[in-house]
Structures are given as structure tokens and as C-alpha cells.
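In what follows, a structure is listed as C-alpha cells, so that the remarks can point back to it.
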Amino acid sequence: MPKGKMIPRNVFQVEFMHYPKHQQCAIDCLDQMELNGVMPDSESEEILMNTFGMYSHPVRKHRRMLYWMPKFKHASPWRLPESVPNNAFELAKLAVTRMCTVDPSSVISLFETKDVEDAIEDTWIVSGQSPTQQELLQNHPPEEPIKVEGPFRIFLRDQCVGYFILRAEAKPQPPPVKREYIDDVGSIKLWFTGDLEPDDMALIKPTSVHEQEDGIILAICATGTSGRDSLLSWIRLLVNTNPNLANVPVLFTQASPVGDVMTTGQHDETTSVKTVP
């Protein structure tokens with residue numbers, strides 16, 4: 001593009017995009033750079049200023065990119081490498097580790113299905129569970145079943161990983177503590193001894209981050225095949241660290257109740273039920 005010819009001479013030419021097709025072409029190039037993560041530099045700014053002027057729309061777009069792109073690059077606390085690995089096992093470890101950061105005490109375990117007796121599939125399993133989740137699973141009533149749901153999706157840059165969750169039904173929240181109006185002087189009790197009323201002494205145990213409104217997350221995993229046999233092997237391996245799991249019925253669902261899911265093979269959409277021996 002020629003230098004100097006397309007520089008606006010007054011405020012009206014600036015706001016109404018002097019040589020609009022040429023400016024839009026430069027903006028499209030900057031959009032493509034932003035889409036591919038290419039950071040513009042001072043040389044590109046000098047080219048745009050010599051072509052369209054200091055207050056033109058491409059220069060404004062360039063300066064917005066210089067301000068926001070570094071901020072967005074370091075905004076996420078879960079940093080990923082510039083190029084994520086193509087290996088499925090390494091991607092699974094990155095995905096499970098990233099999801100388990102919600103609880104810093106979580107432990108990432110690597111399993112092999114060949115260590116399980118009568119396992120059909122020979123693959124790997126990346127599992128994540130925290131001591132709090134183990135306590136929740138240990139205190140789970142044996143008569144209430146838990147479910148293995150998924151696969152759900154998590155994206156690591158341009159790579160997608162399917163993961164599964166071990167979920168129990170949500171427990172109803174305890175009723176809130178009753179409080180009386182402090183302005184009601186007709187219900188003053190035990191003010192001279194400092195003792196509290198029974199309603200004020202009620203304590204509510206705070207819920208953990210794993211106890212959500214739609215259920216209690218007891219563990220997560222990603223497998224090499226995302227097959228049902230590998231998930232069954234995962235449950236049998238969890239019994240080693242969660243003895244109560246051997247007494248709890250486990251339901252394996254094919255389709256996830258939340259949004260779209262990744263396919264795991266040529267299976268029908270019916271729900272299958274299995275019980276851990």
C-alpha cells in the first residue's frame with residue numbers, strides 16, 4: 001500500500017474510515033494474526049502509521065492487540081505449554097492434573113488395566129482423587145448407588161480429552177439456623193449468664209468443594225480407550241484405596257446428562273448397569 005496517500009487529513013476522514021476497503025484489509029490481517037497468536041511489534045505499528053495515520057482504525061486495532069494479548073496470555077492460572085503434546089497419555093495427565101487443582105491435596109494416580117484380573121482391554125488409566133473425596137466415599141451409605149458418568153470434554157488448546165466422573169447424588173442442605181429479631185425485647189433469655197439459646201448453638205458443617213448442587217464428585221479419570229471395561233477396571237483399582245467402594249453398587253451410564261459428549265464406540269444409547277463385585 002502506498003505511504004502517505006491514505007492518511008486522513010481531518011477528523012471526518014478519520015471517523016468515516018478514509019479508504020475503507022484498504023483499512024478493512026489491514027484490520028483483517030491483524031485479526032488473522034490475533035487468531036493465530038502472533039504478537040505485532042513496533043515495526044508493524046510503524047508500517048500502519050505511515051500508511052493510514054496515527055488515528056486510523058488499523059492503528060487502534062494494533063494498539064488494542066498490544067494491550068490485551070499479553071494480559072490474556074497470562075490470565076489463566078493453569079498454564080499450558082505453547083504446543084501441547086500429541087500423545088494421548090500425556091494429554092490425559094495434563095487434563096486430570098488441571099481439573100484436580102480445585103483441591104490442592106488431590107493425588108494423581110497412574111494405573112494399568114493389565115494389573116486387574118479378568119480385564120479385557122489393555123490400556124492406561126489416569127485417576128485423580130483427594131483425601132476429602134476418599135472420606136466422602138468412605139462415609140457413603142452402601143444402599144445408595146453411585147454413577148460413572150461421561151465422557152465429558154475438556155480442551156487443552158486445540159486438543160480435546162474425554163474424562164469420566166464418579167458421582168453420588170447430592171445430599172439436601174441442612175436447614176438454616178433460626179435467628180430471631182434482635183429488636184424484639186420480649187424474647188430476651190439468659191442474658192445475665194451469657195449462655196446461648198439452643199438455636200444459636202446449632203452448628204452446620206461446611207460443605208467441601210466436591211459437594212455440588214447436582215451431585216458429589218468422588219473421583220475423575222481418563223482412560224486410553226474410554227471403554228466400559230477400562231472404567232470397570234478403574235473402579236476395581238479404586239477399591240484398593242477406598243474399601244467401602246466394594247459394598248456400594250456402581251452404575252455405568254453410556255450418555256452424559258449434561259450437554260454433548262464424546263462417543264466411546266459403536267454402542268447403543270441405552271444405560272447399562274453393573275455392580276462391582
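The values are calculated or read from the model by the stated rules, or taken from the named source; none is laboratory data. Owing to the predicted nature of the structure, the values given are computational and were not obtained by experimental measurement. Don't worry about glycine lacking a Cβ; one is built from the backbone with ideal geometry, like all the others, and counts go over all protein chains shown. Heads up: the accessible areas ignore ligands, DNA and RNA and are worked out on the full protein's heavy atoms, side chains in. Shrake-Rupley method; radii C 1.70, N 1.55, O 1.52, S 1.80 Å.
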Name the residue, out of ALA219, ALA202, that is among the small types (Gly, Ala, Ser), within 19 Å of ALA170 (Cα to Cα) and either open to solvent by 30 Å² or more (accessible area, probe 1.4 Å) or modelled with pLDDT of 90 or more (or both). ALA219
What are the residues in the range 39-92 that are hydrophobic (A, V, I, L, M, F, W, C) and touching a Lys or Arg at 6+ places or on another chain (Cβ under 7 Å), if any? TRP78, LEU80, VAL84
Somewhere in the range 4-11, is a residue free of Cβ contacts under 8 Å to residues at least 24 places away in the same chain, farther than 27 Å from CYS221 by Cα, aliphatic (A, V, I, L, M) and in contact with a helix residue (DSSP H, G or I) (Cβ under 6 Å, 6 or more places away or on another chain)? no
For the range 75-95, what are the residues that are of a type in the set (Gly, Ala, Ser) and open to solvent by 50 Å² or more (accessible area, probe 1.4 Å)? ALA75, SER83, ALA88
State the number of residues belonging to the range 98-107 that are over 15 Å from SER76 (Cα atoms) and hydroxyl-bearing (Ser, Thr, Tyr). 2
Residue under evaluation GLN138, criteria (1) at pLDDT below 90; (2) open to solvent by 30 Å² or more (accessible area, probe 1.4 Å); (3) touching a helix residue (DSSP H, G or I) at 6+ places or on another chain (Cβ under 9 Å), criterion not met: (1)
Filtering the range 40-64 down to residues that are out of contact with any Pro (no Cβ under 8 Å at 6 or more places or on another chain) and assigned to a loop (DSSP other than H, G, I, E, B) yields PRO40, ASP41, MET54
On the given criteria, is SER127 of a type in the set (Gly, Ala, Ser), closer than 16 Å to LEU237 by Cβ and touching a Phe, Trp or Tyr at 6+ places or on another chain (Cβ under 8 Å)? yes
